[in-house]
Each structure stands twice: as structure tokens, then as C-alpha cells.
Amino acid sequence: MQCVTSTAFGPAELLHRLRARTTGTAVSPVTHIERVPARAGRTAPWPAWTDPAVRAALVAQGIAAPWEHQATAATLAWEGAHVVLATGTASGKSLAYQLPALNALATDPKATVLYLSPTKALAADQLRGLVRLGVDGVRPATYDGDTPREEREWIRQHSRFVLTNPDMLHHSLLPGHSRWGVFLRRLRYVVIDECHTYRGVFGSHVAHVLRRLRRAAARYGASPTFVLASATSGDPAGSASRLTGLPVTAVTDDASPRGAVTFALWEPPLLPVFDGPEDVAVEEAAPIRRSALRETADLLTDAVVAGTRTLAFVRSRRGAEVVASLARQSLNEAVPGLGDRVAAYRAGYLREDRRAIERALLSGELLGLASTNALELGVDLAGLDAVLICGYPGTRASLWQQAGRAGRAGGEALAVLVARDDPLDTYLVHHPEAVFGRPVEATVLDPANPYVLGPQLCCAASEAPLTDADLALFGDASVEIVQRLAAEGVLRRRPSGWYWTHRGRPEVDLRGTGGAPVAVVEAATGRLLGTVDPGSSHVMLHPGAVYLHQGVSYVVDDLDLEDAIALVHQEEPDWTTHARDVTNLSVVSVRSYVDAGPVGLFLGEVDVTNQVVSYQRRRIGSGEVIDTRPLDLPARELRTVAVWFTVSPRALTAAGVEPSEFPGALHAAEHAGIGLLPLIATCDRWDIGGLSTANHADTEAPTVFVYDGHPGGAGFAERAYGAAAEWLHATREAIASCVCDAGCPSCVQSPKCGNGNNPLSKEDAVKVLDIVLAALPPG
Ligand SMILES: [Zn+2]
Ligand SMILES: [Zn+2]
């Protein structure tokens, strides 16, 4: 049999070699192997409407004919339908929008196209692709924060294919729309690449930026066709339609060829039990697994030794550096110099460096690469022999996107998901049906969030007065909101519409609703190290906090909340810091509820008050608590959306939960519930908060609340309410199937608990969830 691949081994043999390191351990790290079969490609003829020059340019690039899905999406768009193409990695989504867009530019010498991407790197890749095609008169150009002033004017006047991003659209293009009048008047297509990345609060903001774009284009007489490209996702038409506010047709039948992939789920082994000193904090005494980073570094090492081209995905920048450096170290120990064939790759590297790394990996000069997320990678970087995924990336959509970098037509490849020590990862490696047996998540966003809609209406009004017809564009909720803004004096009603009353433009950050991000500044040098979302600043940047930046450790001297600045100095103490907080929650209103006997399930608005009151210093390594220090920080208030359930005390005691155990049972269920929510909503556990109590003043019952961590909500709690039975069933399973005795990071402990993971009762949490699941109607 003939297979065209650079690897010396097929996936089965490679997996066997990766496992060799763990022979002798009682439990195999491989919990499941899934075979994803190869798929043959299906081409379609070039659509009859294709301009000969465009076709010639594409054929010259080696594209003999489009895949079926490309031709279908392109034709829909050419006929004026808004379309979203949701297919796998490397399925050629670019061609689906290039074809109608370039055709429009070739056949109408005045037409223009606007392309939006979530990252500069992707826009740069797309630009290179367009330049290579060399279709006459297109003059493609990127327009982003790096574009020099003197080039901007030229681009506005002459480019017919402008590549930019939603931030630039929001901050520059729309406020300065009069300078873009000619471009907007001729706008035929708006391309939104990687549209599944617009989720949560950011997605809700982008949805309104797009409505502002539609309004601006209409003002100059254009109504462009929207073409969206998405990773495989659940309900792509619904999500794209919520994002753009337009009816969108989805094309999802991927007709590109794919090599077979062997997909293994891998759980790092438990470390030998460590008998720590007496005063070791409770949460540190739980059994722990070998870290996913070390495990991934070892697997990368072995894969490189086996001569396979391997890409490791790691969630954090620092993690990617750590994996690359550990692998380099052990390779050099084995064969001096072999470590040079492994590199790290992440956002923040210069474009030239990234290109050099990509080329080296494609040529085989580099064999191993540890990278942050798939989006940051060059588009050509597919067709690798193996992909290691260190930690579940949060959604099945991103999991498949990362795994999709492995395998090429005619070859076979290996993908390995290495579980981290947390409830979701642990659940997934023991429930392969949750990974392989169901569709990927829908992208969750909520354009009706008043905390997003209000500021966006101000932006729109500052661009041009808002008319009644405009309000329909921004949604039903906007009528009430403009009236409120007018009452507050922010907008003024005149016969021709609502006017923005201030001189400057509204200051609106697309990535948050909680005010200005806090700048982290090194006091001695004045250097800006980074920014922290205001919602996390009290926890991460309180005085005395240890703050990590690119692998370097800093200690916070001062947190100035008024000016949103934290001053830090470089220091490498031998402790870590853990903030303690107190949260109060009150119910404002109930939107919807299910009355199920001893159990109630609710969705509604809540006010959350959170105050960081102290922090613990813990010794690195042993986890020993050195001391607890008080803090003097103000309380923070958040009005948001929550899902909550109540259980009657009688049902709890009948199930054998002692009243003294109510708090620990509910708290454990809350933690695991937050950990498992990303299974059904496109969020991660840092987007959501929780509170549990044995008797809540508003519900008068034992209650678990889970709330969106953003003012006004982001759609996650709503999704949890809608899929409560599925969500809580997975939560119950995650806890019940964990091998630990009394709770561990894989089940009920949470890395962000403000109470130091105390009290927690693993066993009773299962009983709580059993009562809830027995009472709730399925689905
Ligand atoms: Zn556990
Ligand atoms: Zn907690």
C-alpha cells in the first residue's frame, strides 16, 4: 500500500510509541480511540457566471475546480443571498467568498468589498492570497491599527478590497464614514471570516457594529450581501442571522477531501500520593494528576523522536513556551541538537518570525511546534502528522478546528486530546460520546443585552441621528433604551431623530461592558505589561498579588481603581496568592421558571455584589498556607442574568443529606455545574460565576445560582436554562464518575473559588443533582 506522508509511522504505531512511556502504570492513559474515516472530495464545475479572468487566476493557483460546497455558497452569494459556510478546517472557505467578491470586482469596475477578520494575522494571510491571485484592479489592502496614516488615505480612495477587523470598523471606519462614503456607496460584499469567534459580550457588540455598518452603507445607497465563514458549528444559520440581523442561508455539507484521523483521548496518570505537612490546606491534599503541560511536552518529545511533524496546541502563551522548552530540553538530553527542531509559536511574535516558523514546519526542518490557538496559525499550516491538544479548548468547535490541522488527503494522522485536571476535561475523556457523538455547539450571543445595546445606540447616534426606522434595525429593545438615554440627557430627541449630545464620541470597548480595562504597569520603567478586564482586576491585581506576565513574575504594589492602573515590580517570591471574596446575590425579576415539585428551575435577572476581602499566600510546591492578609477593596456590583435551581429541604433530608451538609452539597454542585456549562454553551468557566446557599432570602430554599459574569448577561445562563436537564446530567456524571474520595480539581474543586473550596461535599452533591434530575422534565 502506498501512502504519501512524511512520517515514518502510521497513527497506530505512533500512538503505541507514545504509550510506551507509561507502560507499567496500572491504568492506561488512553481512555478512548476514535477513528475518523477518510472522505473523498467532490468537485463541482466552475459556476457559469464566473468571469474568465477570475477563473484563470484561480486555475493558475492550482485550483482546477471548486469543491461542491464552495460552488454552492459562492452561487448563493452571487445571487444576492446572505450565506454562511460552516465547514471544517482547510476545507477552502476562502474560495467561497473570493469567487463572488472577485467576480463582482471584475465585472463592475466600481464595486468594493469589505473583509473582516478577528485577527490581524488572518487578514495578512488573506491579503497575501489575494495578491498572489493578481486579479487586475482589485488593489487589496489591510486597514488596521498598524496601517500608517499616509497609506490610509490611499486605501480609502483606491483599494477595492479592504481587509480589516471589527475593532477598526467600530473605532475608525464607522465614526469617519463620510470619508468612506465612496467606498460604502459601492459596497457589494461584506465578508465575515471566522464568524464563530464573535460570541458572548464581544459577539453581541460586533452584532451591533455590523448593524451600524449596514445603516452606514444604506445611507450611501448600498445594501451589501453578507458572506460568512465559520468553523463547523451548531445552527450556523441562526447564529449568523443573530450576528448580522439578516436572514442567512447555511451551507454545511463539506465536500473537501480529508485523510483518516485516529483520535485518542488521553488522561495523564495520578501522581503518587504525597504526605504533606499537617497544615497543608484541604484543597491541596486532594489527589492530583500529572500536569497536562508536562504530559504534552513528553508526548511532543516522543513524537519528534519518532520523526513525525507534530503540532501541540496549548491554551496559554506561557503554556506554549513551557511545552516547547521542556520538549527541547529532553530532546537535547537524548540527542544534542535535536531540541532545535522544536519551537513555540504564538500571537505577539513578529509576522516575519511566524512565517519563518511556518515554512520550517512545512519543509520538515522543524518537527515540533507548540502553539497557542488555531486562529493565530497561518492558513497553510495543515496536513500535519500529529496534533496534540493540551486541555480541552472549551468547545467541540475549536477541538475539531485544532484536530483538523492533522491529516491530509492520502495520508493518515493522529490527534490526541490531553486532559487537564478539571471537571470538564475529566468528564470528556471518560465520555467520548460527548466529544464524538454530538454536533458542535451553537455560537451564543445576545444582541438584546441592554448593557451592549445602550452604548451601541450611542455610537450609532454619534455617527448619524437615529430615526425610528433605524431602531427596528437594532431590535425591539432599542425603543425603550433610546427613551431612557434621552431621559438621562445622553441623547436628545429632535424631529429628525435622536441626536448624540456630547462633543466627543462615546467610549465603548467591544470586549467588555464593565468599564475601562486596568493597565498593569511596571513602576520602575513605566512599561505597560498588559491589561486586565475590570471584572477580574480585584482578584488578579489586589495589592500583594503575584502577577505572571510571559513567564516572568511580578508583585502588585498598588491598585489605583480610579485611574485603572496597577503598579507592579518584578519579584520571584516562593509563594502564590489566592484572593478570597464574599458574594451576595439578590433576585431582581424572574423571566421564566419550571415548577417541578420539590425542585424549581428559574431564569431571571439578579444583582450580584462581590467584594474581595483578603488573600492567602501559599508556598509554591507544598501549597502550605503561609498567612491570610486582609484587603480594603470596595464591593463591585453587577446586574446580570442567572439560572438557578432550588431543592426543598425535605427532599434533601429524605435523600440522606444532613442539614449540616446542605452548604457543602450545594457548593460542590455549583462548582461542577460551572465547570460543565461550557459543554452546552460557548463560554469558558471564567465567563460565569456562581453562588450557593442553604437558605436564600429571595427563594427561601436551598439554592444554586449560576450567572453570566458580564453586566446584562451574555446568553450563557439562558442557554443553561434551556438545556438544564442535559447540563445537570453531565454535571452529575462528572462528579459521580470521578475516582477521588472527597472531591478534587477533576470534579468539585474550582480554581476560582473565593471560599478556598470549603465546604465541599462530593457525595451529597450527587444526591442533590439526582433529586433535581428526577424532578425536571427531560429536555
Ligand atoms: Zn474528583
Ligand atoms: Zn466556591
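The values are calculated or read from the model by the stated rules, or taken from the named source; none is laboratory data. Keep in mind it's a predicted model, so treat the numbers as computed, not measured. Because the Cβ atoms are built from the backbone with ideal geometry, glycine has one as well, and the counts that use them run over all protein chains shown.
I'd like to check something: does the stretch 57-73 contain any residue that is surrounded by 19 or more Cβ atoms within 10 Å (Cβ to Cβ), aromatic (Phe, Trp, Tyr), modelled with pLDDT of 95 or more and part of a helix (DSSP H, G or I)? No - not one qualifying residue is present in the stretch 57-73. Every listed requirement among (1) within 19 Å of HIS69 (Cα to Cα); (2) in contact with a strand residue (DSSP E or B) (Cβ under 7 Å, 6 or more places away or on another chain) is met by ASP254 save one, (2).
If you go through the stretch 230-240 one residue at a time, how many are surrounded by fewer than 24 Cβ atoms within 10 Å (Cβ to Cβ) and touching a helix residue (DSSP H, G or I) at 6+ places or on another chain (Cβ under 7 Å)?
First, the residues of the stretch 230-240 that are surrounded by fewer than 24 Cβ atoms within 10 Å (Cβ to Cβ): 232, 234-235, 237-238.
Still in the running and touching a helix residue (DSSP H, G or I) at 6+ places or on another chain (Cβ under 7 Å): 232.
The total comes to 1.
All of (1) surrounded by 18 or more Cβ atoms within 10 Å (Cβ to Cβ); (2) among the aliphatic types (A, V, I, L, M); (3) over 18 Å from LYS762 (Cα atoms) hold for LEU676 with one exception: (3).
When you check VAL84 against the structure, is it in a loop (DSSP other than H, G, I, E, B), of a type in the set (A, V, I, L, M, F, W, C) and buried (at least 19 other Cβ atoms within 10 Å of the Cβ), yes or no? Here the answer is no, as VAL84 does not meet what is asked. Within the stretch 626-650, being in contact with a His (Cβ under 7 Å, 6 or more places away or on another chain) and not basic (Lys, Arg) holds for LEU631, LEU633, THR640.
When ALA665, ALA651, ALA642, ALA697 are checked against the criterion of being within 16 Å of ligand 1 (Cβ to nearest atom) and either hydrophobic (A, V, I, L, M, F, W, C) or not in a helix (DSSP H, G or I) (or both), ALA665 stands alone in meeting it.
Report yes if some residue within the stretch 6-24 is farther than 30 Å from TRP266 by Cβ and either of a type outside the set (Ser, Thr, Tyr) or at pLDDT 90 or above (or both); otherwise report no. Checking the stretch 6-24: not a single residue is farther than 30 Å from TRP266 by Cβ and either of a type outside the set (Ser, Thr, Tyr) or at pLDDT 90 or above (or both). Any idea how many residues of the stretch 196-230 are in a loop (DSSP other than H, G, I, E, B) and touching a Lys or Arg at 6+ places or on another chain (Cβ under 9 Å)? The qualifying residues number 5.
Restricting the search to the stretch 409-440, which residues are farther than 18 Å from ALA386 by Cα and more than 16 Å from ligand 1 (Cβ to nearest atom)?
Step one: filter the stretch 409-440 for residues farther than 18 Å from ALA386 by Cα, giving 420-440.
Scanning the stretch 409-440 gives PRO432, GLU433, ALA434, VAL435, PHE436, GLY437, ARG438, PRO439, VAL440.
Those residues that are modelled with pLDDT of 85 or more and more than 9 Å from ligand 2 (Cβ to nearest atom), I need them from the stretch 749-767; list them, please. Full working, then the answer.
Step one: filter the stretch 749-767 for residues modelled with pLDDT of 85 or more, giving 749, 758-767.
Listed by number, the residues that qualify are PRO759, SER761, LYS762, GLU763, ASP764, ALA765, VAL766, LYS767.
When the residues of the stretch 724-779 are filtered to those that are away from ligand 1 (no atom under 15 Å from the Cβ), outside any helix (DSSP H, G or I) and among the small types (Gly, Ala, Ser), the one that is farthest from ASP687 (Cα to Cα) is GLY779. In summary, ALA736 fulfils each of the numbered conditions (1) more than 15 Å from ligand 2 (Cβ to nearest atom); (2) of a type outside the set (Asp, Glu); (3) surrounded by 17 or more Cβ atoms within 10 Å (Cβ to Cβ) with the single exception of condition (3). Screening the stretch 528-587 for strands (runs of 3 or more DSSP E) wholly inside it with 3 or more residues that are of a type in the set (D, E, K, R) returns the ranges 552-560.
Take ALA720 and tell me if it is assigned to a helix (DSSP H, G or I), within 12 Å of ligand 1 (Cβ to nearest atom) and under 14 Å from GLU670 (Cβ atoms).
no
Report yes if GLY92 is among the small types (Gly, Ala, Ser), farther than 23 Å from GLY245 by Cβ, surrounded by 16 or more Cβ atoms within 10 Å (Cβ to Cβ) and touching a helix residue (DSSP H, G or I) at 6+ places or on another chain (Cβ under 8 Å), otherwise no. Break it down into steps so the answer makes sense when it comes.
On the way: among the small types (Gly, Ala, Ser): yes; farther than 23 Å from GLY245 by Cβ: yes; surrounded by 16 or more Cβ atoms within 10 Å (Cβ to Cβ): yes; touching a helix residue (DSSP H, G or I) at 6+ places or on another chain (Cβ under 8 Å): yes.
Here the answer is yes, as GLY92 does meet what is asked.
From the list ASP770, ASP698, which one is at negative phi, in contact with a helix residue (DSSP H, G or I) (Cβ under 8 Å, 6 or more places away or on another chain) and of a type in the set (Asp, Glu)? Step through it out loud before you land on a result.
Numbers: ASP698 fails: in contact with a helix residue (DSSP H, G or I) (Cβ under 8 Å, 6 or more places away or on another chain).
It is ASP770.
Yes or no: THR703 buried (at least 22 other Cβ atoms within 10 Å of the Cβ) and within 19 Å of THR426 (Cβ to Cβ)?
Numbers: buried (at least 22 other Cβ atoms within 10 Å of the Cβ): yes; within 19 Å of THR426 (Cβ to Cβ): no.
No: the conditions fail for THR703.
ARG188 satisfies every condition listed in (1) over 20 Å from the mean Cα position of the chain (by Cα); (2) part of a helix (DSSP H, G or I) except (2).
Per-residue answers, yes or no, for (1) closer than 28 Å to ALA26 by Cβ; (2) under 25 Å from the mean Cα position of the chain (by Cα); (3) at pLDDT 95 or above:
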site: TRP686; (1), (2), (3): no, yes, no
site: THR703; (1), (2), (3): no, no, yes
site: ARG719; (1), (2), (3): no, yes, no
site: ALA723; (1), (2), (3): no, yes, no
site: LEU728; (1), (2), (3): no, yes, yes
site: PRO745; (1), (2), (3): yes, yes, no
site: LEU769; (1), (2), (3): no, no, yes
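Return the pair list, or none, for Cβ contacts closer than 8 Å from residues in the stretch 317-330 that are in contact (Cβ under 8 Å) with a residue 60 or more places away in the chain to residues that are crowded, with 23+ Cβ neighbours inside 10 Å and part of a helix (DSSP H, G or I), at least 6 apart or on different chains. Partner pairs satisfying both residue conditions: GLY319/LEU293; VAL322/LEU293; VAL322/ALA297; VAL323/LEU293; VAL323/THR296; VAL323/ALA297; VAL323/LEU300.
Residues checked against (1) among the hydrophobic types (A, V, I, L, M, F, W, C); (2) at positive phi; (3) without any contact (Cβ under 8 Å) to a residue 40 or more places away in the chain:
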{"position": "THR50", "(1), (2), (3)": "no, no, no"}
{"position": "ALA57", "(1), (2), (3)": "yes, no, no"}
{"position": "ALA90", "(1), (2), (3)": "yes, yes, no"}
{"position": "ALA104", "(1), (2), (3)": "yes, no, no"}
{"position": "LYS110", "(1), (2), (3)": "no, no, no"}
{"position": "LEU127", "(1), (2), (3)": "yes, no, yes"}
{"position": "ARG132", "(1), (2), (3)": "no, no, no"}
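Screening the stretch 352-467 for helices (runs of 4 or more DSSP H) wholly inside it with 2 or more residues that are crowded, with 24+ Cβ neighbours inside 10 Å and at pLDDT 90 or above returns the ranges 450-463. Applying the criterion of being away from ligand 2 (no atom under 16 Å from the Cβ) and not in a strand (DSSP E or B) to the residues of the stretch 700-712, the residue that is nearest to VAL768 (Cα to Cα) is ALA701. The single condition among (1) touching a Ser or Thr at 6+ places or on another chain (Cβ under 7 Å); (2) buried (at least 17 other Cβ atoms within 10 Å of the Cβ); (3) hydrophobic (A, V, I, L, M, F, W, C) that ALA635 does not satisfy is (2). Taken as a whole, the structure leaves SER648 outside the set of residues that are among the hydroxyl-bearing types (Ser, Thr, Tyr), touching a helix residue (DSSP H, G or I) at 6+ places or on another chain (Cβ under 9 Å) and at pLDDT below 95.
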